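Right, one structure below, let's go through it.
The values are calculated or read from the model by the stated rules, or taken from the named source; none is laboratory data. All values derive from a computational prediction rather than experimental measurement. All Cβ positions, glycine included, derive from the backbone under ideal geometry; neighbour counts span all protein chains shown. Calculation scope for accessible area: heavy atoms of the full protein, side chains included, ligands and nucleic acids excluded. Shrake-Rupley method; radii C 1.70, N 1.55, O 1.52, S 1.80 Å.
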Amino acid sequence: MRRIAWLLGGCLLFALPVSGAGLMELLDSMKPARPERSTLQLPSLPLTPGRGKNWVGDRMPREGTSILVLAGHADSQRMYGSGTPGWAVGVAGAAPMQAGMTDELYWNLRTARAVVAEGKKQGLNISFYDPGVRTIRNVQDPRTNWSVGQQHASEGGYVVEIHYDAYSPHGIGAGIIPAVAFGFSVMDEALAKEFGAYPYDYRGMLGAPRRGVSMLEIGMLEGALERGLRDPRQRKLTLDRIAKRVVTALREGLEQGTSLRAICAPTTGIAAYCR
Ligand SMILES: [Zn+2]
């Protein structure tokens, strides 16, 4: 109840229309939030577009359930919502890291695997799901990221899908877009503290959050971050650093639970900087 009141307060403060340059490009870089025929009961939430962190994660993952990690766009190549090509390919004309997939998916896969490897090393019950099939047009297909994620979340587990955002001026930047379907998780609160936070209703609430899957934007695929990933001499270190940041946050979420709160600065943009 307290959370609902807080959300209402937050939405009054942040009830500005979503706008901004690059939104159309961004739409192209991510899966659309299709109104799906779903039996999911979304919590009753204000429908005003929010800004910054207009949510509080206070739900613990069910004990004994694993953390499920997904690679964004792993099932949506060669179709709308295949992910960003990144600055190197999209602007500088470099060859994609791997033929047949966007650079975003390439790095989402590498990062998701690095997060799971690091998580296991640190004793987390954590696993990675890859649909393997790179183009699945039916969002209700049981093999998609979101179908598998929804099933896991419905059993009380936590699910996070790794993403990199489009380069500027199209991207927004790092931050967690929290799962909404089964309540806001302490794990998202912890990731907000490390990466920043998007409003839960970003772009009218995306398909993943509607199905119980949180989306973690690591950062925009450009500049030092993209160079660090693309440079073979820096690649391992770059992936290791990102994986450690994610795993540290996940561990904090599990260890500190509901006592953990991300403190976020007010923002005139969409995502909030938090600490
Ligand atoms: Zn993405």
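Observations on the model:
- Shape class for the stretch 218-275: oblate, because the ratio a/c of the largest to smallest gyration tensor axis (alpha-carbon atoms, square roots of eigenvalues) is 1.5 or more and b/c is at least a/b.
- Protein-only accessible surface at a 1.4 angstrom probe places the residues 97, 79 in the order 97, 79, largest first.
- Solvent-accessible area of residue 120, all protein chains in place: 120 Å² (probe radius 1.4 Å, heavy atoms, ligands and nucleic acids excluded).
- Each other residue within a Cβ distance under 12 Å of residue 173 adds +1 if Lys or Arg and -1 if Asp or Glu, for a net charge of -3.
- Placing unit charges on the Cβ atoms only, positive for Lys and Arg and negative for Asp and Glu, gives the stretch 53-259 a dipole magnitude near 460 debye about its Cα centre.
- Whether the stretch 116-230 is rounded, prolate or oblate, judged on the alpha carbon gyration tensor where a/c under 1.5 counts as rounded: rounded
- Ligands, DNA and RNA excluded, the heavy atoms of residue 159 present near 0 Å² of accessible surface to a 1.4 Å solvent probe.
- Judged by the ratio a/c of the largest to the smallest principal axis of the C-alpha gyration tensor, the stretch 48-146 counts as prolate, that ratio being 1.5 or greater while a/b is larger than b/c.
- Mean shadow area of the stretch 53-259 over all directions, Cα convex hull, nm²: 10.7 nm²
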